[in-house]
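Data first, discussion second: the structure below is written as structure tokens.
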Amino acid sequence: MAEFQANKITDIGPPKYDEMWPQVIKDNYGKWLYHDILEPGVLVHVSETGAKVWSLRCGATRLMTTLFLEQICKLADEYCGGFFRFTTRNNVEFIVGDESKLEPLKKALAANGALPLGGTGAGITNIVHTQGWVHCHTPAIDASGVVKAVMDELFDYFGSHKLPAQVRISLACCLNMCGAVHCSDISILGVHRKPPVIEHSHLDKMCEIPTTIAACPTAAIKPAKIDDYKSVAVNADRCMFCGNCYTMCPAMPLADAAGDGIALWVGGKVSNAKSMPMFSKLAVPFIPNEPPRWPSTVQTIKKIVEVYAGDAMKYERVGEWAQRIGWEKFFEKTGIEFSHHHIDDYRFAATTWRTSTQFKW
Amino acid sequence: MAKMHDTPLLDELTKGPWPSFVTDIKKAAEAGNEACADLLGQLELSYKDKEGHWKHGGIVGVLGYGGGVIGRYSDVPDLFPGVEHFHTLRVNQPASKFYKTERLREVLDIWNQRGSGMLNMHGSTGDMVLLGAFTEQLEPIFAELTQKGWDLGGSGSALRTPACCVGKARCEFACIDTQDICYSLTQEYQDEMHRPAWPYKFKFKIDGCPNCCVASLARSDCAIIGTWRDDIRIDQEAVAAYVGGEIVAHGGANGPDAKLDIKADVIDLCPTGCMFYEDGKLSINNAECTRCMHCINVMPRALRPGLDTGASILVGAKAPILEGAQMGSLIIPFIKMEEPYDEFKEFVEKMWDWWDENGKNRERIGELIQRVGLSAFITAVDLKPIPQMVKEPRSNPYIFYKEDEVEGGFERDISDYRKKHAR
């Protein structure tokens, strides 16, 4: 390893952003006047210099190989002067400043087959997601597989603008929510439902008992001596299956084929447009894991999208729609069962209870 | 030649119109990539077992850095030796994820040579995530990356890789130089990013306008959101063209034939009711406007943000673990964001000092603020309380007065009291 330690370079940071810009972006930085979406996946931005750029937005798998990235690079070399970008939602964007490149590039994308145009406007764009069983050590579900199954079913909405407003879907494979599903129109969340199974014979060797105890938000963990081992005990009645103990202590895994599955959430948004940003709210507490194509999850999401599409007013986000009609109507219209699990009993629970005589039957 | 595993469950995910990660990884496996073959094998086992097959964590890294590499080991390495070690390297992405192919290929070449050839483009925080390296490859990968001008991002209890929206590079709504702010913060705070020294993680995200395309106010401890404090610019000719149906509504986001109904789509949907359309002229009472962006979104050719631009700063957003999800709270309603951003950085450093001093282990700044109160935080960063910081004033009477706020202080003599009031 010594040869790699000599002349070590550190703390240089990423390449500077403008090195990665095509000339048309450099020339028109800060000068853009307006944009139009010409068709799903195709945007044109017009500059005060008179210049235009066309952006072709394509759905892509977040998890990809260098082989696939090389295909993207080749397309960018051939049509876009060797530049392209990714969006925040894992789409690929090919940007051209020369209109004559537009149709040939569209043809090349169609020929590729794995870069569908879409993800713009009042439709469903790519799903922001986490790693799932592909790479994470705390997941309750897979991520890429669920995303693939859901997007296959909603594919028509990716390449069209027929919803009242944009619908942002995200997925996180456990309650850590690396996918930040707490503020999306529709969220897919991996959940555990069994308390950690404790490996008493190894816990003291693998974990610091005080930090493990301190990790529990509900103080459900206490020190315990089990079969002469220094270990911990979990009060199952207080466990909310957050998995924070496992993050601190590998001897307390939660994963379980029967216990794990998906919760669906709806109505969050991060944009400030019209209404203020909103958290997602619980729609379905639990759907079992159904690999490889998670049909119950997929069909429930499809149902929510279709009811929303038919019932919401123009420009109304899912959360704005649910708020306007009332959550009691959301459950009625979607046919989703309401249960004890929907009633909050954590920190700010009382703020969510109805303190009024105003409601709908 | 890589040993291919039977993957009947995963093969179901090669069907359908959406791009398939299985198809892609399988191609790489068939081309001889053992890590790709074994990753599919192990994932197939997870699909069968309905449980993941990665061990908990693993302490690995590169010398001199306390983060940027996430350890990962298979718990079935005998079956899938190609992914026995499957460590992740977070590579700091260029701001707003533009790539020059020639530069990106530098990373791809290193990764083909020394890693699994699989990546996340991109991780949730923003990095390029190189997914799957053996321990002995970590130092060589790091050395080769830095030689080519690439560096690792953040992990652990450190500054995480800042991220931003496309900004002025290709968006007419951007009120601030998102890329430059992102780059400046990243460069200024390399030590905070690479050597974890805090109670927990800290994220910056920079959105050019209140549409918040990078979800800064939900996903970052400190959200920098472009805004303005003068008037929305109006082009009355373009307004007339929208009204006349000559320009498609919403920049085509609701289809090419969407006509703008100025009353229903704009005036009536304005959350503050500050817009008026009379005698063919649109007017805005800007003093009442909360800059939500709706009108600008639906008639982008007629309306533009003002010219006196800067940022609103919101602090404390995070996902639920532990105390529940939080969105950022407005701390600085407006701050000019001009290079080198000294005023903002001064605020940042005060904020970090206070959090570092007072935060418990694994306590995000938003949770600390929740625990000790917003007032304690704004005092620590030398700000004055203003009504913009809250949605509404308190509705409970429990004010924690400090002794010096009350005339005569707290010390009293009970006998003085009893002289006037019988027991």
Can you give me the ranges of the strands (runs of 3 or more DSSP E) entirely in the stretch A:1-109 with at least 3 residues that are touching a His at 6+ places or on another chain (Cβ under 8 Å)?
A:32-39, A:42-47, A:52-58
May I ask you to list the residues in the stretch B:232-258 that are assigned to a loop (DSSP other than H, G, I, E, B) and either loosely packed, with under 15 Cβ neighbours inside 10 Å or among the aliphatic types (A, V, I, L, M) (or both)?
B:Ile232, B:Gly244, B:Gly245, B:Glu246, B:Ile247, B:Val248, B:Ala253, B:Pro256, B:Asp257, B:Ala258
Among all residue pairs at least 6 apart or on different chains, which show Cβ distances below 9 Å where the first residue, located in the stretch B:335-351, is assigned to a helix (DSSP H, G or I) and at pLDDT 95 or above and the second is buried (at least 18 other Cβ atoms within 10 Å of the Cβ) and among the polar types (S, T, N, Q)?
B:Lys345/B:Ser184
For A:Thr355, which of the numbered conditions (1) polar (S, T, N, Q); (2) within 14 Å of chain B (Cβ to nearest Cβ); (3) open to solvent by less than 70 Å² (accessible area, probe 1.4 Å); (4) not in a helix (DSSP H, G or I) fails to hold?
(3)
If a residue must be free of Cβ contacts under 8 Å to residues at least 40 places away in the same chain and open to solvent by less than 60 Å² (accessible area, probe 1.4 Å), how many such residues does the stretch A:333-349 contain?
2
Matching entry among A:Ala322, A:Ala312, A:Ala258 (being more than 9 Å from every other protein chain (Cβ to nearest Cβ), out of contact with any His (no Cβ under 8 Å at 6 or more places or on another chain) and either more than 30 Å from B:Asn297 (Cα to Cα) or open to solvent by less than 10 Å² (accessible area, probe 1.4 Å) (or both))
A:Ala322
Out of A:Ser296, A:Ser339, A:Ser280, sole residue that is within 12 Å of chain B (Cβ to nearest Cβ), among the small types (Gly, Ala, Ser) and closer than 30 Å to A:Ala257 by Cα
A:Ser280
Being closer than 28 Å to A:Lys230 by Cβ and of a type in the set (S, T, N, Q) is the filter; apply it to the stretch A:149-207 and report the residue that is nearest to the chain's Cα centre (by Cα).
A:Asn176
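Regarding B:Val91, is this residue within 30 Å of A:Gln23 (Cβ to Cβ), open to solvent by less than 30 Å² (accessible area, probe 1.4 Å) and touching a strand residue (DSSP E or B) at 6+ places or on another chain (Cβ under 8 Å)? Give the derivation first.
Working: within 30 Å of A:Gln23 (Cβ to Cβ): yes; open to solvent by less than 30 Å² (accessible area, probe 1.4 Å): yes; touching a strand residue (DSSP E or B) at 6+ places or on another chain (Cβ under 8 Å): yes.
So B:Val91 fits the description; yes.
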Can B:Arg229 be described as within 31 Å of the chain's Cα centre (by Cα), over 30 Å from A:Met177 (Cα atoms), surrounded by fewer than 24 Cβ atoms within 10 Å (Cβ to Cβ) and more than 8 Å from chain A (Cβ to nearest Cβ)?
yes
So if I check each of B:Leu330, B:Leu314, B:Leu322, B:Leu307, which one is within 23 Å of B:Glu392 (Cα to Cα), among the hydrophobic types (A, V, I, L, M, F, W, C) and open to solvent by 30 Å² or more (accessible area, probe 1.4 Å)?
B:Leu330
Contact list please: Cβ distance under 8 Å, first residue in the stretch A:301-326 and of a type in the set (Ser, Thr, Tyr), second residue open to solvent by less than 20 Å² (accessible area, probe 1.4 Å) and part of a helix (DSSP H, G or I), pairs at least six apart or on different chains.
A:Tyr308/A:Val318; A:Tyr308/A:Trp321; A:Tyr315/B:Asp265; A:Tyr315/B:His294; A:Tyr315/B:Val298
Any residue in the stretch B:52-64 that is at the interface with chain A (Cβ under 10 Å from one of its Cβ atoms), more than 30 Å from B:Trp198 (Cβ to Cβ) and surrounded by fewer than 23 Cβ atoms within 10 Å (Cβ to Cβ)?
yes
Residues being open to solvent by less than 40 Å² (accessible area, probe 1.4 Å) and of a type in the set (D, E, K, R) - total across the stretch A:163-207:
1
When you scan the stretch A:57-75, do you find a residue that is closer than 22 Å to B:Thr88 by Cα and open to solvent by 40 Å² or more (accessible area, probe 1.4 Å), even just one?
yes
Return a yes/no flag: does the stretch B:169-176 have any residue that is facing another protein chain (nearest Cβ under 9 Å), in a helix (DSSP H, G or I) and under 17 Å from the mean Cα position of the chain (by Cα).
no
Scope the stretch A:211-245; condition away from chain B (no Cβ under 12 Å) and among the aliphatic types (A, V, I, L, M); matching residues
A:Ile213, A:Ala220, A:Ile221, A:Ala224, A:Ile226, A:Val232, A:Ala233, A:Val234, A:Ala236
Return the total of residues in the stretch B:262-304 being open to solvent by 10 Å² or more (accessible area, probe 1.4 Å), part of a loop (DSSP other than H, G, I, E, B) and of a type in the set (Gly, Ala, Ser).
2
Hey, A:Thr125 hits all of (1) open to solvent by less than 10 Å² (accessible area, probe 1.4 Å); (2) of a type outside the set (Asp, Glu); (3) within 9 Å of another protein chain (Cβ to nearest Cβ) but one; which does it fall short on?
(3)
Quick one: is B:Arg219 open to solvent by 10 Å² or more (accessible area, probe 1.4 Å), at the interface with another protein chain (Cβ under 10 Å from one of its Cβ atoms) and basic (Lys, Arg)?
yes
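With B:Ile181, B:Ile224 as the choices, which residue is in contact with a strand residue (DSSP E or B) (Cβ under 6 Å, 6 or more places away or on another chain) and outside any helix (DSSP H, G or I)?
B:Ile224
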Among the residues of the stretch A:83-113, write down those that are surrounded by fewer than 20 Cβ atoms within 10 Å (Cβ to Cβ), within 10 Å of chain B (Cβ to nearest Cβ) and touching a residue at least 24 places away in the same chain (Cβ under 8 Å).
A:Asn112
What number goes with the only condition from (1) surrounded by fewer than 17 Cβ atoms within 10 Å (Cβ to Cβ); (2) touching a helix residue (DSSP H, G or I) at 6+ places or on another chain (Cβ under 9 Å) that B:Tyr398 does not pass?
(2)
Would you be able to say whether some residue in the stretch A:273-282 is out of contact with any Gly (no Cβ under 8 Å at 6 or more places or on another chain), open to solvent by less than 40 Å² (accessible area, probe 1.4 Å), part of a loop (DSSP other than H, G, I, E, B) and without any contact (Cβ under 8 Å) to a residue 12 or more places away in the chain?
yes
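Taking the stretch A:6-41 as the search range and keeping residues that are among the small types (Gly, Ala, Ser) and modelled with pLDDT of 95 or more, which one is surrounded by the most Cβ atoms within 10 Å (Cβ to Cβ)?
Selected residue: A:Gly41.
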Tell me, please, whether a residue that is β-branched (Val, Ile, Thr), open to solvent by 10 Å² or more (accessible area, probe 1.4 Å), touching a helix residue (DSSP H, G or I) at 6+ places or on another chain (Cβ under 9 Å) and closer than 30 Å to B:Thr146 by Cα can be found in the stretch B:15-25.
no
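The values are calculated or read from the model by the stated rules, or taken from the named source; none is laboratory data. Remember, it's a predicted structure, so these values are computed and weren't measured experimentally. Ideal geometry is used to build each Cβ from the backbone, glycine not excepted, and the neighbour counts take in all protein chains shown. The protein model used for the area step is the full one, side chains on, heavy atoms only, and it has no ligands, DNA or RNA in it. Shrake-Rupley method; radii C 1.70, N 1.55, O 1.52, S 1.80 Å.
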